[in-house]
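Chemist: My structure is below; once you've seen it, I'll send some questions.
The values are calculated or read from the model by the stated rules, or taken from the named source; none is laboratory data. Since this is a predicted model, take the numbers as computed values, not measurements. Note that we place each Cβ from the backbone using ideal geometry, even for glycine, and neighbour counts take in every protein chain shown. Note: accessible area is taken over every heavy atom of the protein model, side chains too, but ligands, DNA and RNA are not part of it. Shrake-Rupley method; radii C 1.70, N 1.55, O 1.52, S 1.80 Å.
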Amino acid sequence: MFHPLTAALALASPAGTRGRLTILIYHRVLAAPDALLPDTPDRAAFDWQMALVKRHFQVLPLAEAGRLLQEGRLPARAACITFDDGYADNLTEAWPILNRHGLPATFFVATGFLDGGRMFNDTLIELV
């Protein structure tokens, strides 16, 4: 079925040697909205976003997308989903939603914080 957004994305992100890759970068997905993190999606908002992404983009694993881009064979409306920092909610909240939608994602883990450390931005939020 024709959808104007899909058509516009195909023009902005064509296939082949003119291909462009959209990378959606997330840090966290919360179980419920948090007033201290108004720009961070909760489970319901992330689920809605992933439904839209699935409908309008061709989501690829990051390594595959990079290879196809380098080879000039990127499909139209190509996108990747990534998570920075490796918060536990990436596994507990985001992964089940991604899995249900059949969407691949790449998770980058800040290994220096695996033994209970805390990132500076999280300390600031706790202080507030």
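Chemist: Identify all residues within region 1-41 that are farther than 28 Å from Ala76 by Cα and touching a residue at least 24 places away in the same chain (Cβ under 8 Å); write none if there are none.
Modeler: Passing the criteria: Leu30, Ala31, Leu36, Leu37.
Chemist: Let me ask you something else. With respect to Asp39, is the statement that it is acidic (Asp, Glu) and part of a loop (DSSP other than H, G, I, E, B) true? Even if it seems obvious, please write down each step before you answer.
Modeler: Details: acidic (Asp, Glu): yes; part of a loop (DSSP other than H, G, I, E, B): yes.
Taking the combined requirement at face value, the residue satisfies it.
Chemist: When you look at Thr92, is it surrounded by 11 or more Cβ atoms within 10 Å (Cβ to Cβ), hydroxyl-bearing (Ser, Thr, Tyr) and out of contact with any Leu (no Cβ under 7 Å at 6 or more places or on another chain), yes or no?
Modeler: Against the criterion (surrounded by 11 or more Cβ atoms within 10 Å (Cβ to Cβ), hydroxyl-bearing (Ser, Thr, Tyr) and out of contact with any Leu (no Cβ under 7 Å at 6 or more places or on another chain)), Thr92 qualifies.
Chemist: Taking region 96-108, which residues are in a loop (DSSP other than H, G, I, E, B) and touching a helix residue (DSSP H, G or I) at 6+ places or on another chain (Cβ under 7 Å)?
Modeler: Leu103, Ala105 - these are the residues of region 96-108 that are in a loop (DSSP other than H, G, I, E, B) and touching a helix residue (DSSP H, G or I) at 6+ places or on another chain (Cβ under 7 Å).
Chemist: Would you pick out the residues in region 4-26 that are open to solvent by 50 Å² or more (accessible area, probe 1.4 Å), in a loop (DSSP other than H, G, I, E, B) and either farther than 20 Å from His56 by Cβ or of a type outside the set (A, V, I, L, M, F, W, C) (or both)?
Modeler: Thr17, Arg18, Arg20, listed by residue number.
Chemist: Restricting to region 63-89, and then to whatever is open to solvent by less than 50 Å² (accessible area, probe 1.4 Å) and acidic (Asp, Glu), can you tell me which residue is nearest to Arg20 (Cα to Cα)?
Modeler: Result: Asp84.
Chemist: Identify all residues within region 46-62 that are touching a helix residue (DSSP H, G or I) at 6+ places or on another chain (Cβ under 7 Å) and open to solvent by 60 Å² or more (accessible area, probe 1.4 Å); write none if there are none.
Modeler: Hit for region 46-62 is Lys54, nothing else.
Chemist: Sticking with this structure for a sec: Which of the residues belonging to region 27-42 are within 13 Å of the chain's Cα centre (by Cα) and either open to solvent by 50 Å² or more (accessible area, probe 1.4 Å) or over 22 Å from Leu91 (Cα atoms) (or both)?
Modeler: His27, Arg28
Chemist: Across region 75-95, what is the total count of residues that are assigned to a loop (DSSP other than H, G, I, E, B) and on the phi < 0 side of the Ramachandran plot?
Modeler: Residues that pass the stated criteria total 5.
Chemist: Also, I was wondering about something else. Out of region 27-45, which residues are under 26 Å from Leu62 (Cα atoms) and touching a helix residue (DSSP H, G or I) at 6+ places or on another chain (Cβ under 7 Å)? Walk me through how you get there before you give the answer.
Modeler: Of the residues in region 27-45, the ones under 26 Å from Leu62 (Cα atoms) are 27-31, 39-45.
Scanning region 27-45 gives Arg28, Val29, Leu30, Ala31, Pro41, Arg43.
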